[in-house]
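Here's the structure we're looking at; comments come further down.
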Amino acid sequence: MIRRLTLLLLAATCMLTAAARPAERAGITDSKALWLPHLFQSGMVLQRGKPIPVWGTAAPHSTVTIRWSNRPYRCETDDAGRWRVDLPAMKAGGPYTLVVSGEDGAVREITDVMVGDVWLCSGQSNVDVTIERVYPQYPDEIDSFCNNKIRLFRVQTDKDTHGPKSDILPTEWKVLTKENVWKFSALGTFLALRMQRETGVAQGIICNSLGGTPVEAWVGADSLVRDFPLYVERTRLWQDDELVAAQDKANQRAGDRWFQQLNEGDPGVSEQWSTERYDDTSWDSVNQYGNIAGQPGSNYIGSLWLRQHIHISKEHAGKAARLLLGTLFDQDYTYVNGQEVGRTYYQYPPRRYQVPEGLLHEGDNVITVRFVNKYGIPHFLPDKPYMMIFGPSDTLRLSDTWKVRRGKLMPSCPSGGTSIQNLPTVLYNAMLHPLAPYAISGVVWYQGESNVGEPQLYAPLLRKMMGNWRTLWGDPSLPFCIVQLANYDPNQQSAVPQPARQRGISQRSNWAELRDAQRTVADGDPYAELAVAIDLGETVDIHPLRKKEVAERVARCMDRLVFQKKVSLSPKVVGITADATTLTLTFDQPLRGVDVQCIEVAGADGRYVSATAHAQGTTVTLSSPVSHPVCVRYAWSDDPAGANLYSKEGLPAVPFRLPVNSPLD
């Protein structure tokens, strides 16, 4: 009897959550059946050192029993059948078994449960960049991936305009192996590996992101309604399932019809311009970094065909190979000797196509690329690999010259319309809200590219989002690591790129403005840090591949935020003194001694000019070419080539724009 009373006292941790949505909106077909969210599955990782919420639904006013670590915990469901138990905090360990049973005899047994650290990685496409994409950067390490203490969980894409849902779409926890991680977030994977190596405990990565999405899509309506009421009203217009379905169907149907018309009228398809023996002697020749469409100053919509002849030696004839076609804009269908070896439906992924054994023969061979563009100008991106690989040190570089012929010109694709997944609140509703209150160590937020059009709004929106999520988890000190936008030149994507780029002082840069918004949010939040990536980007690629290095900087932020380690992060300015023509910037740590590049000042007219500056110790001394400068900035451009201010430990300084005569907070 005493033991029973003790267990009932332990069950006092039971709390009901009123935030859950009705069962039918969560995909639950029987509101009386025992149900747990998809997060609770075999192989999961639970957070150490914190109470562990477990929740779900069962028959109204019934008893749910959770057996965990050889102890039972009981909870009564409410009128809607909802229940929640907060299990006591535990040390790292496992594997354990979690058993949940209902009063009607229904049982859910969850095995191979580890207790360790759980990280939520969220944002847009740079979170989504997969291990497959970055494999050439770290082949040996990725080939050896196998760690049972690292578990991966990918939230599937979903959207909801009505309000928060109770569950995500079906998915599962997976152990880290090369096969399991191949299509998983590279950032999340390398973060887990680093943290597991340092802590020795199990790591769980919840990857919850979607390419091309703005920050407001990840914020709940309650947080937006006061300061951004039109955002909420915009989504309310789409609180009609028939309208959403019609828009999705119209977008899909318009795209299908556009491609049907393109393919039916493209002579390259009907005349088989991809075949090896097709006579292309009359085709024009172009350099791949020039205007290959031959239509300057405007978009080229439709199909464009390019062919290149390559000579294959007797030694290489018949061998399998890897064809690298860098990155192309926008879609491509690629053939070798008339056989399709790969296709990619949008601009960002690197083209790495396998040429099967027996396809190449001695002598003349032909590579054919069919570009398909719904917008923009078809082009090859510079500074990418264009070659055929037969072995580690056995490559054949492709020529920059191609034969070219137009296929079919097309009108703009009429799909357009509204992208529902980018509406305010819809991803919060469907992909974020259902995850809470699952216990986590911290959040990695890697996003911003889709908000560079209005950088002035980013800081208030990001603060709203962080406060919203902390409220949802019931943790006002939930740690956030904000990954700052990397260096990138959007002009190299939006038009035909030029290998030799002119550089000068940019009086305005939306990318720099948004980076500064990220900086100010992190600086003003005691539970947030900034992972600087200004030297880890690629001028021509919005998805840089050095994700292991980004993960290391994220890990250092979490070392400080979560584990209170005394680690150095990127140097930042903590004080400014000035006279008429000299500024002294004081940093929070020692710097490498260099003549600082990419540093500028502005006078009262607001126009920036380059300044001479030198770093030594913890200070940068700057000689101003204008009298009484009012503002100083560093690395202030989309792609600040030459930015060279680093800490003694090799971390890049935080890009900044600061007033000269105002105190720093």
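The values are calculated or read from the model by the stated rules, or taken from the named source; none is laboratory data. Every value quoted in this text rests on a predicted model; they were computed, and no experiment measured them. Cβ: placed from backbone, ideal geometry, glycine included. Neighbour counts: every protein chain shown. Just so you know, the surface numbers come from the protein's heavy atoms only, side chains and all, with ligands and any DNA or RNA stripped out. Shrake-Rupley method; radii C 1.70, N 1.55, O 1.52, S 1.80 Å.
Residues of region 510-534 that are touching a Lys or Arg at 6+ places or on another chain (Cβ under 9 Å), surrounded by fewer than 20 Cβ atoms within 10 Å (Cβ to Cβ) and not in a helix (DSSP H, G or I): 524, 525, 527. The single residue among 383, 394, 400, 364 that is modelled with pLDDT under 95 and of a type in the set (Asp, Glu) turns out to be 383.
Please enumerate the residues belonging to region 390-402 that are open to solvent by less than 50 Å² (accessible area, probe 1.4 Å) and either under 19 Å from residue 540 (Cβ atoms) or in contact with a Leu (Cβ under 9 Å, 6 or more places away or on another chain) (or both). Hits for region 390-402 are 390, 398, 400, 402. So how many residues does region 619-658 have that are outside any loop (DSSP other than H, G, I, E, B) and either free of Cβ contacts under 8 Å to residues at least 60 places away in the same chain or open to solvent by less than 40 Å² (accessible area, probe 1.4 Å) (or both)? Matching residues across region 619-658 total 13. Of all residues in region 575-598, none satisfies the criterion of being closer than 13 Å to residue 626 by Cβ and within 33 Å of the chain's Cα centre (by Cα). The set of residues from region 295-319 being open to solvent by 80 Å² or more (accessible area, probe 1.4 Å) and among the charged types (D, E, K, R) comprises 314, 315, 319. Filtered by the rule that a residue be aromatic (Phe, Trp, Tyr), open to solvent by 20 Å² or more (accessible area, probe 1.4 Å) and in contact with a Ser or Thr (Cβ under 8 Å, 6 or more places away or on another chain), region 80-138 gives a lone residue, 96. Of the set (1) farther than 22 Å from residue 163 by Cβ; (2) in contact with a Gly (Cβ under 8 Å, 6 or more places away or on another chain), all apply to residue 428 but (1). Quick check: anything in region 365-374 part of a loop (DSSP other than H, G, I, E, B) and buried (at least 19 other Cβ atoms within 10 Å of the Cβ)? The answer is no, given that none of the residues of region 365-374 is part of a loop (DSSP other than H, G, I, E, B) and buried (at least 19 other Cβ atoms within 10 Å of the Cβ).
Of the candidates 441, 419, the single residue that is in contact with a Gly (Cβ under 9 Å, 6 or more places away or on another chain) and under 30 Å from residue 114 (Cα atoms) is 441.
Restricting 74, 108 to residues that are over 28 Å from the mean Cα position of the chain (by Cα) and closer than 29 Å to residue 147 by Cα narrows the list to 108. Within region 606-621, track down each residue that is more than 16 Å from residue 642 (Cβ to Cβ) and either small (Gly, Ala, Ser) or in contact with a Leu (Cβ under 7 Å, 6 or more places away or on another chain) (or both). Within region 606-621, 606, 617, 618, 619 meet the criteria. Checked against (1) acidic (Asp, Glu); (2) crowded, with 19+ Cβ neighbours inside 10 Å; (3) assigned to a loop (DSSP other than H, G, I, E, B), residue 332 passes all but a single condition, namely (3). Considering region 55-77, and only residues there that are surrounded by fewer than 19 Cβ atoms within 10 Å (Cβ to Cβ) and either touching a His at 6+ places or on another chain (Cβ under 8 Å) or among the polar types (S, T, N, Q) (or both), the residue that is nearest to residue 199 (Cα to Cα) turns out to be 69. A count restricted to region 379-393 and to residues that are of a type outside the set (A, V, I, L, M), in contact (Cβ under 8 Å) with a residue 24 or more places away in the chain and in a strand (DSSP E or B) stands at 4. Kindly establish whether residue 562 is among the hydrophobic types (A, V, I, L, M, F, W, C), within 21 Å of residue 191 (Cβ to Cβ), in contact with a Lys or Arg (Cβ under 7 Å, 6 or more places away or on another chain) and surrounded by fewer than 20 Cβ atoms within 10 Å (Cβ to Cβ). Answer is no for this residue.
Okay, residues lined up against (1) small (Gly, Ala, Ser); (2) over 31 Å from the mean Cα position of the chain (by Cα); (3) at pLDDT below 95:
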position	(1), (2), (3)
5	no, yes, yes
17	no, no, yes
21	no, no, yes
32	no, yes, yes
47	no, no, no
69	yes, yes, yes
79	no, yes, no
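Answer yes if at least one residue in region 576-595 is closer than 30 Å to residue 194 by Cβ and either touching an Asp or Glu at 6+ places or on another chain (Cβ under 6 Å) or in a strand (DSSP E or B) (or both), and no otherwise. Yes; the residues of region 576-595 include at least one that is closer than 30 Å to residue 194 by Cβ and either touching an Asp or Glu at 6+ places or on another chain (Cβ under 6 Å) or in a strand (DSSP E or B) (or both). Annotation note: of 349, 414, 437, the sole residue that is in a loop (DSSP other than H, G, I, E, B), at pLDDT below 95 and either open to solvent by less than 40 Å² (accessible area, probe 1.4 Å) or in contact with a Cys (Cβ under 8 Å, 6 or more places away or on another chain) (or both) is 349. In region 244-252, the condition of being β-branched (Val, Ile, Thr) and within 30 Å of residue 365 (Cα to Cα) is met by no residue. Among residues that are among the basic types (Lys, Arg), closer than 18 Å to residue 402 by Cβ and either open to solvent by less than 20 Å² (accessible area, probe 1.4 Å) or not in a loop (DSSP other than H, G, I, E, B) (or both), residue 257 is not included. Take residue 339 and decide whether it is open to solvent by less than 20 Å² (accessible area, probe 1.4 Å) and over 30 Å from residue 228 (Cβ atoms). Criteria not met by residue 339. With respect to the conditions (1) in a loop (DSSP other than H, G, I, E, B); (2) touching a strand residue (DSSP E or B) at 6+ places or on another chain (Cβ under 6 Å), residue 149 falls short on a single one, namely (1). Report, by residue number, each residue of region 460-490 that is part of a loop (DSSP other than H, G, I, E, B) and either under 17 Å from the mean Cα position of the chain (by Cα) or at pLDDT below 95 (or both). Residues satisfying the conditions are 484, 485, 486, 487, 488, 489, 490.
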